[in-house]
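Here, each number is a calculation from the coordinates, and none is a lab measurement. Source: prediction; values computed, not measured. Glycine also receives a Cβ, built like all others from the backbone with ideal geometry; neighbour counts cover every protein chain displayed.
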Ligand SMILES: *Cc1c(COP(=O)(O)O)cnc(C)c1O
């Protein structure tokens, strides 16, 4: 059985528990950079780069959702950078998925390499099978973006810990409602809230969660001193989005499940990846590790031209990079150089009603 998702009901009443009579029900947006601070500082807010009341509301919502203390960042890469730069030092070696989100790899192979951190790459499929000795940090992404391959978080986190390293899981593709990396034994969770948690394609944000006090302190210090901080308005907007995440994610995953079965039967689709399909190579692991099968589907169409026509001509698909919006979107990842076939389409299923969406997709495939 996968670890239990967080309580969506408690999330909706979390902020309300702290209110006094006459307080607004929705959280205040505090835009201040300076705070009233006579005398000696005593742990209250003092300067906006170190902390603001609007982050506090968001971080307590995310801490509830992740079941762990959480820090917010101005993007998913901001959270990933904090995890890497606050842990690593010159001479360290790290392991990354060869088929995961490209920017994490480029960060390691560029800026981290020039600071003396060496990186090895390993495919997500079979990630658990190699050894983990000698790695200060092991970075896991499952299902991987864009290929939707899976690896066993509990198995890898256990092996990495036994070898003396730190495991970091990028949980962007699943969110807290679909997969619980910290409950599976990972040391640090990072996620891009730009995707489904924001959900409306109007916001970049990210977060880092960990139950290890020393790792949390190091990431907080990195955030304060690097200055990579989110603005209060983005924090307020993400808090608003989180209140509907469970509803949106539920709809998106349910629709993706139905669509995957229909697409698998469609003659224009030569191959399909969706962890919820019993025929998918990741299905058995997905059933053990994930509480939902996600909202992303990988499709192989016949040719690059047919893939482009499908993406661009379907009125209910936004041809766009990124994913997790209320509107369905799709793109050919090969156009960015990802190691996937030219006719591979990454489909992000949104909140459109199933039958309307299916009619549009079916028409565009034909
Ligand atoms: C988008 C994404 C990121 C980066 O998030 P940004 O908010 O764009 O910085 C990191 N990891 C994965 C898996 C992503 O899909």
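Taking neighbour counts of Cβ atoms within 10 Å as a proxy for exposure, in what order, fewest first, do 94, 25 appear? Write down the numbers at each step before the final one.
Working: 94 22, 25 7.
Listed from fewest to most nearby Cβ atoms, that is 25, 94.
Suppose each label sits 7 Å from its Cα in the direction of the beta carbon; what would the residue 354-residue 4 distance come out to in nanometres?
2.7 nm
Taking 1 over the mean of 1/r across every pair of different Cα atoms in region 81-199, what Kirkwood radius in Å do you get? Before the final figure, lay out each step's value.
Values: mean 1/r = 0.0704 Å⁻¹.
Kirkwood hydrodynamic radius for region 81-199: 14.2 Å.
Can you give the calculated 222 nm mean residue ellipticity of the chain, where each DSSP H run of n ≥ 4 adds -39,500 (n - 2.57) and the sum is split over every residue, rounded to the nearest 500 deg cm²/dmol? Each step should come with its number before you reach the end.
Details: 11 runs with 124 residues, N = 366.
Helices in the chain give a 222 nm mean residue ellipticity of -10500 deg cm²/dmol.
I'm checking a number: the convex hull volume of the Cα atoms of the chain, normalised per residue, in Å³. What is it?
On the way: hull volume 51.7 nm³, N = 366.
Hull volume normalised by residue count: 141 Å³.
Counting other beta carbons within 10 Å of each residue's own, what order do 104, 255, 175 fall into, fewest first? Mind showing how you got there, number by number?
Numbers: 104 24, 255 21, 175 28.
The order, fewest Cβ neighbours first, is 255, 104, 175.
Per the Debye formula with a single identical scatterer at each Cα and no solvent contribution, what log10 I(q)/I(0) holds for region 132-247 at q = 0.21 Å⁻¹?
Debye output, listed in q order: -1.24.
Which angle between 0 and 90 degrees, to the nearest 10, do you get for helix 354-365 versus the longest principal axis of the chain when only C-alpha atoms count?
Between the helix axis and the principal axis of the chain, the angle is about 50 degrees.
Starting from 0 in steps of 5 Å, tell me what percent of the Cα-Cα pairs of region 202-296 lands in each bin.
2, 11, 14, 14, 13, 13, 13, 10, 6, 3, 1
How many angstrom lie between the C-alpha centres of region 59-124 and region 297-343?
With region 59-124 and region 297-343 each reduced to a Cα centre, they are spaced 27 Å.
Taking one equal scatterer on every alpha-carbon of region 245-365, how large is log10 of I(q)/I(0) by Debye at q = 0.10, 0.15 1/Å?
Log10 I(q)/I(0), no solvent term: -0.27, -0.62.
With axes computed from alpha carbons, what is the tilt in degrees of helix 76-87 against the longest principal axis of the chain, rounded to the nearest 10 within 0 to 90?
60 degrees
Roughly how tilted is helix 304-313, in degrees to the nearest 10 and between 0 and 90, from the longest Cα axis of the chain?
70 degrees
What is the mean projected area of the alpha carbon convex hull for region 1-149, to one decimal in square nanometres?
Values: hull surface 53.6 nm².
Average projection, Cα convex hull of region 1-149: 13.4 nm².
Under a point spin-label approximation (7 Å from Cα along Cα-to-Cβ), what is the residue 200-residue 46 distance to one decimal in nm?
With each label point 7 Å from Cα toward Cβ, the separation is 3.6 nm.
Give the share of C-alpha pairs in each 5 angstrom bin for region 1-85, from 0 to the last occupied bin, in whole percents, shortest bins first.
3, 11, 16, 19, 20, 17, 8, 4, 2, 0, 0
Quick check on the exposure proxy: order 21, 89 from fewest to most C-beta atoms within 10 angstrom. Each step should come with its number before you reach the end.
Details: 21 4, 89 10.
In increasing order of surrounding Cβ atoms, one gets 21, 89.
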